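*Asks:* Below you will find the structure I want to go over with you.
The values are calculated or read from the model by the stated rules, or taken from the named source; none is laboratory data. Since we're looking at a predicted model, the values are computed, not measured. So basically every Cβ, Gly included, is an ideal-geometry build from the backbone, and we count neighbours across all protein chains shown.
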Amino acid sequence: MTDQYAVFGNPVAHSKSPEMHLAFARETAQDIHYTKQLVEEGQFEQAVKDFQARGGKGLNITVPFKLRAFEIADQKTERAAKAQAANTLIFQEDGQILADNTDGFGLVQDIATIHQWPIKDKNILILGAGGAVQGIIAPLLKENPTSIKIFNRTYSKALAIAEYFNNNKLEAIETLDNKSVDLIINGTSASLTGHSLNLPASLLHENTCCYDMMYGKDLTPFLQWAKGNNISQLADGLGMLVNQGAEAFRLWRNVMPDAKPVIAQLRAGLNQ
Ligand code: ATR
């Protein structure tokens, strides 16, 4: 039987994961079946067990189940443990569930390899302090930036993340000062609700890179703000999505697909 995979989420209708993983499978000549499954809030754990019992080999997990996916697992990678959340489950031969988190890997891979924006020795500002931000801190710190500041609408959440990682390069800030930074990563969900973040242009210098973990057909409000301030190094989170997916695919199939053509394919789909 063809190996079965799926993405679980709620909502999940707009997930690009099936198209993405089928593109990886074509690229690497792997025979897989991949579906998306809308899971009711109360039924996540049962749905995972059912999928496993039907012979499923692995799952991607999206909003709002990443924390529960982490908790349900028998084994957890260090990446998942640091993020306290899982976006990838691997069903092992002995029936154990292994949880990993490839989101941070996907972000760093997209920034450093696809866009070739350096992280080492750079000053980084992260906007937001939700689950998505929790998952990117450790992989960013590993790249040896000079500093990472976290700014969030609710300061206490930024502080909690800084305390959790307890690293002298990482600091929660209560207000945005006038110092420019080299890389800004928007990890808030503000653009989903069409809110702008009211950021001062003083955060930017000529070569500041601006990355939004969200993506869409049009530039996100954060990237529009950066563009309006003459920033040319702009990127949205489509590449993060594809790179986290490529890493999940590698964990399942033991072969790393090339993310670039699949980013281009999904981008073309967004613009249709
Ligand atoms: P996710 O799992 O995607 O990170 P989340 O945990 O709900 O989702 O976190 C959303 C983040 O976006 C939070 O940092 C949130 O700020 P608060 O902690 O103050 O709620 C941030 N956010 C959402 N809407 C925002 C807005 N309009 N302006 C600023 N920040 C916003």
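*Asks:* Here are some residues: Ile126, Ile97, Ile90. Which one is crowded, with 16+ Cβ neighbours inside 10 Å, β-branched (Val, Ile, Thr) and either within 16 Å of the ligand (Cβ to nearest atom) or in the same structural domain as Ala158 (by TED's automatic domain parsing) (or both)?
*Replies:* Working: Ile97 fails: either within 16 Å of the ligand (Cβ to nearest atom) or in the same structural domain as Ala158 (by TED's automatic domain parsing) (or both); Ile90 fails: either within 16 Å of the ligand (Cβ to nearest atom) or in the same structural domain as Ala158 (by TED's automatic domain parsing) (or both).
Just a single option satisfies the conditions, and that option is Ile126.
*Asks:* Here's another thing I want to ask about it. Is there any pair with a first residue in segment 204-220 that is among the small types (Gly, Ala, Ser) and a second that is in a loop (DSSP other than H, G, I, E, B) whose Cβ atoms are under 9 Å apart and which are 6 or more apart or on different chains, and what are they?
*Replies:* Listed by first residue and then by second, the contacts come to Gly216/Asp236.
*Asks:* I would also like to ask the following. I need the full set of residues from segment 185-199 which are out of contact with any Phe, Trp or Tyr (no Cβ under 7 Å at 6 or more places or on another chain), surrounded by 12 or more Cβ atoms within 10 Å (Cβ to Cβ) and not hydroxyl-bearing (Ser, Thr, Tyr), in order please.
*Replies:* Gly187, Ala190, His195 - these are the residues of segment 185-199 that are out of contact with any Phe, Trp or Tyr (no Cβ under 7 Å at 6 or more places or on another chain), surrounded by 12 or more Cβ atoms within 10 Å (Cβ to Cβ) and not hydroxyl-bearing (Ser, Thr, Tyr).
*Asks:* For the condition buried (at least 16 other Cβ atoms within 10 Å of the Cβ), in the same structural domain as Gly131 (by TED's automatic domain parsing) and among the aliphatic types (A, V, I, L, M), what is the one hit in Leu219, Leu266?
*Replies:* Working: Leu266 fails: in the same structural domain as Gly131 (by TED's automatic domain parsing).
Result: Leu219 is the single residue among Leu219, Leu266 that is buried (at least 16 other Cβ atoms within 10 Å of the Cβ), in the same structural domain as Gly131 (by TED's automatic domain parsing) and among the aliphatic types (A, V, I, L, M).
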